[in-house]
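For reference, the structure is listed below as C-alpha cells.
FYI, it's all coordinate maths here, none of it is from the lab. Quick caveat: nothing in here was measured; it's all calculated off a predicted structure. With ideal geometry, Cβ positions are generated from the backbone for all residues, glycine too; neighbour counts draw on all protein chains shown.
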Amino acid sequence: MTVWMQSTWMGPVWGWLLATLILILLIALPLMLAVAMIIYVDRKIWAAMALRRGPNVVGPFGLLQSFADGLKVFLKETIIPSSANRGLFLIAPILTFTVALLAWAVIPFGPGVVLANINVGLLYLLAVSSLGVYGIIIAGWASNSKYPFYSALRAAAQMVSYEVSIGFILIPVVLWAGTFNLSGIVEAQRAHIFGLINGFGFNPLLFPLAVMFLISAMAETARAPFDLTEAESELVAGYQTEYSSMSFALFWLGEYGNVLLMCGMNAILFWGGWLPPIDWAPLYAVPGIIWFFIKIFAFFFVFSWVKATVPRFRYDQLMRLGWKIFLPISLIWVFLVSGYLMLTRPPCTPLPHAGEGWTVYAPALEGAPYCLPEGRTQ
C-alpha cells in the first residue's frame, strides 16, 4: 500500500505519511476494540471460576458491558487533588497508554503483516516496554499521596527486577534464531522439532525459558499474583488511588494493552507466532493471523486463570523469585544453549569475498550467524 500511494499524485513524502497513518489506525483501532472485549472475557472467566454469571445485562450476553463502563468513566468529572502536580498528574496516564500502543508497531501478525519490520524489533520491544514504568512512577509522585508513592516505588523495583530476567531469557531465543527481527524469529521456528512441529517452546532445552518468560510477563504487567503495585489491602488502589474519569480509564487500557502485548510476545518468541502448531500443508489454509489470535487468547486465558485462582505473593517472595531463582537459572541457561549451539551448529558454507582479506561464511543462509575464518561472528 505504501508503494502504491507513493506512486500516486501525493508523491513519495505525503504518500508514505498517509499510508503510515492508515496502517497505524488499522492496528490501534482494532486493538482498542480488542481491549474492550478482552476485559469482558476476563470478567467472564473469573465469574465462571467462581461459579457466577458475570456481565450478562448490557447487550446480548453482556457483550456491551465494557462499552457501558467506558461511557460511564467518560462522563465522570476528572478530579485533580489540590496538592498534586497538575501537569505530571495528567501526563502519567497518557504516557502509560501511549507506550502500550507504541510497542505494537513491530508485532508481526502474519508474513509481511507488520507496521515496522525492523531488524532490531526485539530490542525495540524491550526498550518500549521498559518505558511503561515511568508512567506509574510519575503518577505515584505527582499524586502527592503516600499510598500512590509507595506503589510507584514498588512498581519501579518490580519491573526492573523482572526486566533483567526477561533479558537473559531472550538471549537463547536470539542465539537459536540468529536474528533480532521478530518475523525472522517466527520463521526460525518453522518445522523446528522433528521437521514437523513449529515452535521453540516444544524444544526441551527452551521450554523452561518459555515457562519463566510467561511468569515474568505476569510480573512485568503487574498482573495477579504479582499485582503488588495496587494491592487493595495495603495501598487502597496503588498509583491509581487519586485518579478518576478518563485518566483512570487510560491506565486500565494501558494495562490490558500491555497484557495482550505480552501474550503476543509469548506466541511469537516460543510458540510459532502466526505458524500453525504442526508444519502440515492443510493447516496453512487457515490464515496466519487467525493462528496468532488463537495463541494470544490461549495465553490470555492463562493470565485470567492465574488471577482467579492464585493468591497474591508477598513482596519479599516476589523479589526472591526474580533475583534468586529466575535470574540465576536464566543466566545458566544462556551458557547451556550457547554451548549446545556451538557444539551442534552446521559447518559454514563459503560465499564470495566481501572485501580484501575477508571471506564471509553462512550456513546455507538459514538464519544462522555469519562467521569469519577466525571463528568470530559478524
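If each residue of separation counts as 0.36 nm, what is the full-extension length gain between residue 24 and residue 94 once their alpha-carbon separation is subtracted?
That works out to 23.4 nm of additional length.
What percentages, rounded to whole numbers, describe P(r) for segment 141-190 computed over all alpha carbon pairs with 10 Å bin width beginning at zero?
22, 28, 20, 18, 11, 0
Over segment 47-122, how many percent of alpha carbon pairs lie in each 5 Å bin up to the one with the longest distance?
Bin by bin from 0 Å, the calculated values are 3, 11, 10, 11, 11, 12, 17, 15, 8, 1, 0.
Mind checking the dipole of the chain: about its Cα centre, +1 per Lys or Arg Cβ, -1 per Asp or Glu Cβ, Debye to the nearest 20?
Here the chain has a charge dipole of around 700 debye.
Highest first, please rank the peptides 176-187, 270-281 by the mean number of other Cβ atoms sitting within 10 Å of their residues.
Highest mean packing first, the order is 176-187, 270-281.
For residue 278, what residues show an amide H to amide H distance below 5 Å, using hydrogens built from the backbone and excluding near sequence neighbours?
Amide H to amide H, under 5 Å and 5 or more residues apart or across chains, residue 278 pairs with 198.
May I ask you to compute the full-extension gain from residue 171 to residue 61, defined as 0.36 nm times their residue separation minus their alpha-carbon distance, rounded to one decimal in nm?
Using 0.36 nm per residue and subtracting the Cα-Cα distance, I get 35.2 nm.
Which whole number in µm²/s is D for the chain by Stokes-Einstein, with the Kirkwood Rh taken over Cα pairs at 4 °C and 1.567 mPa s?
The calculation lands on 57 µm²/s.
Please sort by residue number the trypsin sites (Lys or Arg not before Pro) in segment 13-103 whose DSSP state is loop and whose Cβ has at most 14 other Cβ atoms within 10 Å.
52, 53, 76
So how far, in whole Å, is the C-alpha centre of segment 119-197 from the one of segment 254-302?
18 Å
Would you calculate the separation in nanometres between label points at residue 53 and residue 196, each defined as 7 Å from the Cα along the Cα-to-beta-carbon direction?
4.8 nm
When averaged across all projection directions, what area in nm² does the alpha-carbon convex hull of segment 1-97 cover?
Approximately 10.8 nm², given one-decimal rounding.
Where Rh is the Kirkwood radius over the Cα pairs of segment 239-325, the temperature 20 °C and the viscosity 1.002 mPa s, what D in µm²/s does Stokes-Einstein return?
In µm²/s, the coefficient is 136.
When you count, for each residue, the other Cβ atoms within 10 Å and take the mean per peptide, how do 154-167, 128-141, 327-340 rank with the highest first?
For the peptides 154-167, 128-141, 327-340, the packing ranking is 128-141, 154-167, 327-340.
Work from the charge dipole of the chain (Cβ charges, +1 for Lys and Arg, -1 for Asp and Glu, about the Cα centre) and give the residue of 169, 123, 239 farthest towards its positive end.
Highest projection toward the positive end goes to 239.
Sort 243, 284 by Cβ crowding within 10 Å, fewest neighbours at the top.
Least crowded to most crowded, the residues run 284, 243.
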